[in-house]
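S.K.: Before we start, here is the structure in question, set down as C-alpha cells.
The values are calculated or read from the model by the stated rules, or taken from the named source; none is laboratory data. These figures come from a predicted structure and were not determined experimentally. Note: ideal-geometry Cβ built from the backbone for every residue, glycine included; neighbour counts use all protein chains shown.
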Amino acid sequence: MRASPWLPVLLLLALAAYLLPDLRLPQPRVTVTPEPQPQVQRPALPNDLPAATRTLFEKARPATVRVETVNTERNTGGIGTGFFISAGGQVLTAYHVVSGGQLFQVSTLSGRTYPAQVVAFDASADVALLQVRARSSFPHLNLTSRAPRVGETVLAIGNSGGDFLQPRRGQLLRLNAEAGRADFPQGTLEMNAPLAPGDSGGPIIDGNGQAIGVISYISLDGSGQKRRSYAVPVVEGNDLLAALRSGQKRDVPVVGLIFDAIHSDQTNPPGAIVSEVARRSPAERAGLRGSTFDETGALSGLGDVILRVNGERTRNADEVITAIRRAKIGDSVTLTYLRGGQERQAKITLVPRASVPDLQE
C-alpha cells in the first residue's frame with residue numbers, strides 16, 4: 001500500500017482505511033488517544049454544483065448504486081457504493097466492500113433493491129465485479145478509453161455521511177500514486193474530492209461522463225486536517241477489466257495475522273506486532289498469539305512480534321505483508337517471532353484471503 005511505513009499519515013489512513021463503515025456493535029477497541037478529528041469539507045449538494053457538473057451528475061447518478069454487505073458469521077454489515085458497467089447488471093465496486101460478506105444487495109436510484117453475487121475480483125487491485133440477479137436493463141457508465149489528465153475536474157458519487165448517491169467534486173492531483181502500504185492498491189489516482197466512509201467502490205467520473213476509477217481509500221496527514229482520496233484506475237479493455245469480465249478471482253496469500261501499527265515502537269528489536277490472530281486461519285493453527293486487553297479495552301500485553309519471514313528481516317507489518325505477498329497461495333513460509341523474550345519459529349502454508357472470513361487486514 002517503500003518509504004518508512006506506519007508513519008502518522010498511514011496510521012490515520014489505516015483508521016480511515018478503505019472508507020467502509022463497520023456497523024457492528026460494540027465498536028473496535030481503541031487503545032490510544034486518537035489524533036484531532038479532521039475538519040472535513042462537506043460534500044457539495046447537487047444545487048451547489050456548477051451547471052455542467054450538475055448535468056453530469058444527474059446523468060450518471062442512475063447508474064450508481066448503494067452496495068450493502070452482510071457477514072452472516074459475525075452478524076455485521078457495511079455500506080459501500082458501486083456502479084453499473086453493463087445493461088445486464090454488472091456492477092463494479094471496491095473488493096474490500098464485499099470481501100468480508102456472504103450476502104449482498106444493491107439499491108438503485110429508482111428505489112429498487114436487488115440481490116447480487118460476487119462473480120470476480122482482484123484483491124490486490126481492490127476491485128470486484130458483482131452480478132445483479134434481475135431480468136432488467138440497467139443504466140450504466142462507460143469506462144474511459146483514454147488516460148486521465150492531472151488537473152482535470154472529477155466527479156465522485158457515493159453514500160457517505162448518511163447520504164444516498166450524492167456528488168463529491170474535486171480535482172485529479174496525481175497519477176500512479178503509491179499507497180505506502182503493501183495491503184493497499186498501488187498506482188492509484190490521487191484526488192482532493194471530499195470522500196468519506198460509505199463512498200468506497202463508487203465511480204470517479206471525468207468531464208465526458210466516463211468512469212476513470214473505483215474509489216478505494218483516503219489518507220489524512222498527521223494533524224488530521226489534510227485529506228486525499230484515491231481511486232483504482234479503470235480503462236476499457238485493459239487487463240484488469242478483461243480478467244474481471246472473464247470471471248477471474250485473483251486473491252492474495254495470507255497467514256491470518258492482524259497487525260498493531262500503534263505500538264510498533266515498543267519492541268526491541270523492532271518487528272511487526274500481532275494484534276489479533278484470525279479465527280480458523282493457518283496462523284491460529286500454528287499457535288501464534290495476539291495482544292491482550294483488560295476489561296476497559298486498554299492494552300495489557302503485546303502479542304507475538306514477527307521478526308523474519310523465510311529468514312528475511314522484517315521490521316514492521318508492511319515488510320511482513322510484502323514478504324508474504326512475494327510468495328504464492330499454497331507456498332509455505334517460515335515466520336520467526338519473538339514471545340516472552342525468546343525467538344520461535346512456525347512454518348505456515350499460505351491460503352487465499354477469501355478463505356479467512358475474519359481477516360480484516
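S.K.: Could you grab me the full set of residues in segment 131-147 that are under 23 Å from residue 206 (Cα atoms) and either aromatic (Phe, Trp, Tyr) or crowded, with 16+ Cβ neighbours inside 10 Å (or both)?
M.R.: 138, 139, 140, 141, 143, 144
S.K.: Something else: Would you check if there is a residue in segment 169-188 being of a type outside the set (Asp, Glu), within 24 Å of residue 78 (Cα to Cα) and modelled with pLDDT of 95 or more?
M.R.: Checked against the condition, which is being of a type outside the set (Asp, Glu), within 24 Å of residue 78 (Cα to Cα) and modelled with pLDDT of 95 or more, segment 169-188 yields at least one hit.
S.K.: Report yes if some residue within segment 337-345 is among the aromatic types (Phe, Trp, Tyr), outside the structural domain of residue 125 (by TED's automatic domain parsing) and either surrounded by fewer than 16 Cβ atoms within 10 Å (Cβ to Cβ) or at pLDDT 95 or above (or both); otherwise report no.
M.R.: Yes; the residues of segment 337-345 include at least one that is among the aromatic types (Phe, Trp, Tyr), outside the structural domain of residue 125 (by TED's automatic domain parsing) and either surrounded by fewer than 16 Cβ atoms within 10 Å (Cβ to Cβ) or at pLDDT 95 or above (or both).
S.K.: Okay, moving on. Given the structure, is residue 119 crowded, with 23+ Cβ neighbours inside 10 Å, out of contact with any His (no Cβ under 7 Å at 6 or more places or on another chain) and under 20 Å from residue 200 (Cβ atoms)?
M.R.: no
S.K.: How about segment 45-71: which of its residues are loosely packed, with under 13 Cβ neighbours inside 10 Å and either among the hydrophobic types (A, V, I, L, M, F, W, C) or touching a Gly at 6+ places or on another chain (Cβ under 8 Å) (or both)?
M.R.: Correct list: 45, 51, 52.
S.K.: Report those strands (runs of 3 or more DSSP E) wholly inside segment 278-358 carrying at least 3 residues which are of a type outside the set (S, T, N, Q).
M.R.: Output list reads 305-309, 332-339, 342-349.
S.K.: Looking at segment 250-263 only, could you name the residues that are at pLDDT below 90 and either surrounded by fewer than 20 Cβ atoms within 10 Å (Cβ to Cβ) or part of a loop (DSSP other than H, G, I, E, B) (or both)?
M.R.: Within segment 250-263, 261, 262, 263 qualify.
S.K.: Follow-up question, since we're still on this one. Just one of (1) touching a Ser or Thr at 6+ places or on another chain (Cβ under 6 Å); (2) crowded, with 20+ Cβ neighbours inside 10 Å trips up residue 105, so point out which.
M.R.: (2)
S.K.: Here is a further query. Show the residue pairs that are 6+ apart or on different chains and have beta-carbon atoms under 6 Å apart, the first residue being within segment 159-177 and at negative phi, the second being charged (D, E, K, R).
M.R.: 159/66; 160/199; 172/152; 173/190; 174/190; 177/190
To keep it simple, each residue is scored yes or no on (1) modelled with pLDDT under 95; (2) out of contact with any helix residue (DSSP H, G or I) (no Cβ under 7 Å at 6 or more places or on another chain); (3) crowded, with 21+ Cβ neighbours inside 10 Å.
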| residue | (1), (2), (3) |
| --- | --- |
| 288 | no, yes, yes |
| 300 | yes, yes, no |
| 313 | no, yes, no |
| 318 | yes, yes, yes |
